[in-house]
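What follows draws every value from the coordinates through simple rules; no lab data is involved. Fair warning: this is a prediction, and the values are worked out from it, not measured in the lab. All Cβ positions, glycine included, derive from the backbone under ideal geometry; neighbour counts span all protein chains shown.
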Amino acid sequence: MTSPQRGRPLGVAVIGHSFMGKAHSNAWRNVSAFYPDVPHTEQRVIVGRDHARVKAAAGRYGWQEAATSWQEVIERDDVDIVDICTPGHLHAEVAEAALAAGKHVLVEKPLANTVFECERLVEQAADARARGVFSMVGFNYRRVPALALARDLVSSGRIGVVREVRAAYLQDWLADAGAPMTWRLRKDEAGSGALGDLGSHVVDQVQFLLDDAVTTASGRLETFVESRPGSHGPEAVTVDDVAWAWLGTARGATVSMEVSRMAFGRKNGLSLEIFGAEGSISFHLESLNELVVDAGTGGTRVLVTEADHPYLEAWWPPGHVLGWDHTFTSQAADFLACIASGTPPQPSFADGLAVQRVLAAVEESAGTRGAQVDIAH
Ligand code: SOE
């Protein structure tokens, strides 16, 4: 492992500077200020393929340097943490090399594009762990205070045994058939479409909120717009636009999941509704500071901004609401706290593999007209 000199801040490198690279950069920029008790970090270097663009990103997001070779960056002695925000097809290769170089590794979700790659990464993470090197997957919604509170309420028995979950993650940035081609619509780069991009969040949340494992899946996938304007003319879309699934959990809950990037009017609409034998909990990301909890009482809106609610102590006084970006900062803080204390961070690569197995089962089921597929964990 890279052994930072006593007292030296941990050097961070982020690989990728687009949407997720920007979100993670903002987290690294703020984490030492808002979470002063975790190890301090420095934004050493941001990596991208295009020199001019990555240089501009370094300037805007507060990185000391810009670089175009991730292979060189992961070998640097002044880099202790590698944060991977590339398209999915590069996750496994970069993570494997970074772990081998002794760097702590944070990988943006989904962990990788295939179950096979995830299985290898789980093994490599276990070997690295034995050398004092930590790894984590960036399912940032685990750090939404309301969702962390919802998990606590479920585990404390507030709504009784969970019977049903109704989960939808709907966006509309592809609703226009003229929206241009992007790597997110190419199977060889993204792995899948709405299923991996949005369904991975849903599956992780279900397993997190219920502290349960998804063990069966039936699915259906649709690609409504089969080609889109590319830089050299029309290009085939090779992933799903919309995915539906029925999932079953080990403890007997049933989950309906719908994920779409073509749902006109829904910008970033993640809804999670949990129905138990004694009550229910509802959450909608577009009102991310709120939960509605009904424990047989007709439903109470809870504004999740109190100092004793998860993560809130680090931020603002009650009623001063948080946003989507704060989740990435809290995620970075949790990762750093685990590195400092020697506690395995969560979600682990094993959690990332568990999600990927469910996504693969949904895809397999969709290929057999929705037949139920069993998932071994
Ligand atoms: C794009 O669909 C996307 O950026 C996802 O990749 C993120 O994980 C999600 O948080 C917001 O939407």
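Among the residues of segment 88-110, those identified as within 16 Å of the ligand (Cβ to nearest atom) and either of a type in the set (Gly, Ala, Ser) or surrounded by fewer than 24 Cβ atoms within 10 Å (Cβ to Cβ) (or both) are Gly88, His89, Leu90, Lys109. Does segment 86-108 include one or more residues that are under 29 Å from Gly193 (Cα atoms), in contact with a His (Cβ under 8 Å, 6 or more places away or on another chain) and either among the hydroxyl-bearing types (Ser, Thr, Tyr) or without any contact (Cβ under 8 Å) to a residue 40 or more places away in the chain (or both)? The answer is no, given that none of the residues of segment 86-108 is under 29 Å from Gly193 (Cα atoms), in contact with a His (Cβ under 8 Å, 6 or more places away or on another chain) and either among the hydroxyl-bearing types (Ser, Thr, Tyr) or without any contact (Cβ under 8 Å) to a residue 40 or more places away in the chain (or both).
Using the structure shown, decide if Glu286 is within 16 Å of the ligand (Cβ to nearest atom) and out of contact with any helix residue (DSSP H, G or I) (no Cβ under 6 Å at 6 or more places or on another chain). So Glu286 fits the description; yes.
In segment 271-300, which residues are under 29 Å from the mean Cα position of the chain (by Cα) and either in a loop (DSSP other than H, G, I, E, B) or of a type in the set (Gly, Ala, Ser) (or both)? Within segment 271-300, Ser271, Gly276, Gly279, Ser280, Ser282, Ser287, Leu288, Asn289 qualify. Evaluate segment 201-214: report whether one residue or more is in contact (Cβ under 8 Å) with a residue 12 or more places away in the chain, touching a helix residue (DSSP H, G or I) at 6+ places or on another chain (Cβ under 6 Å) and assigned to a strand (DSSP E or B). Within segment 201-214, one or more residues are in contact (Cβ under 8 Å) with a residue 12 or more places away in the chain, touching a helix residue (DSSP H, G or I) at 6+ places or on another chain (Cβ under 6 Å) and assigned to a strand (DSSP E or B).
Count of segment 301-343 residues, restricted to those that are touching a Leu at 6+ places or on another chain (Cβ under 9 Å), away from the ligand (no atom under 16 Å from the Cβ) and in a loop (DSSP other than H, G, I, E, B), is 11. Return yes or no: is Phe34 of a type in the set (Phe, Trp, Tyr) and within 16 Å of the ligand (Cβ to nearest atom)? No, not satisfied. Across segment 238-247, not a single residue is classified as closer than 19 Å to Gly276 by Cα, within 16 Å of the ligand (Cβ to nearest atom) and among the aromatic types (Phe, Trp, Tyr).
Does at least one position in segment 38-56 carry a residue that is within 16 Å of the ligand (Cβ to nearest atom) and surrounded by fewer than 17 Cβ atoms within 10 Å (Cβ to Cβ)?
no
Residues being in contact with a strand residue (DSSP E or B) (Cβ under 8 Å, 6 or more places away or on another chain) and within 23 Å of Lys187 (Cα to Cα): count how many of those fall in segment 329-353. Count: 3.
Against the condition away from the ligand (no atom under 15 Å from the Cβ), touching a helix residue (DSSP H, G or I) at 6+ places or on another chain (Cβ under 7 Å) and closer than 17 Å to Tyr169 by Cα, how does Val255 come out, does it pass?
Taking the combined requirement at face value, the residue satisfies it.
Only one of the numbered conditions (1) touching a residue at least 24 places away in the same chain (Cβ under 8 Å); (2) surrounded by 13 or more Cβ atoms within 10 Å (Cβ to Cβ) is not met by Leu303, and that is (1).
Scanning segment 129-156 for residues that are of a type in the set (Lys, Arg) and away from the ligand (no atom under 13 Å from the Cβ) gives Arg129, Arg131, Arg151. If you go through segment 157-184 and keep only what is surrounded by 18 or more Cβ atoms within 10 Å (Cβ to Cβ) and within 11 Å of the ligand (Cβ to nearest atom), you end up with Tyr169, Leu170, Gln171, Leu174, Arg184.
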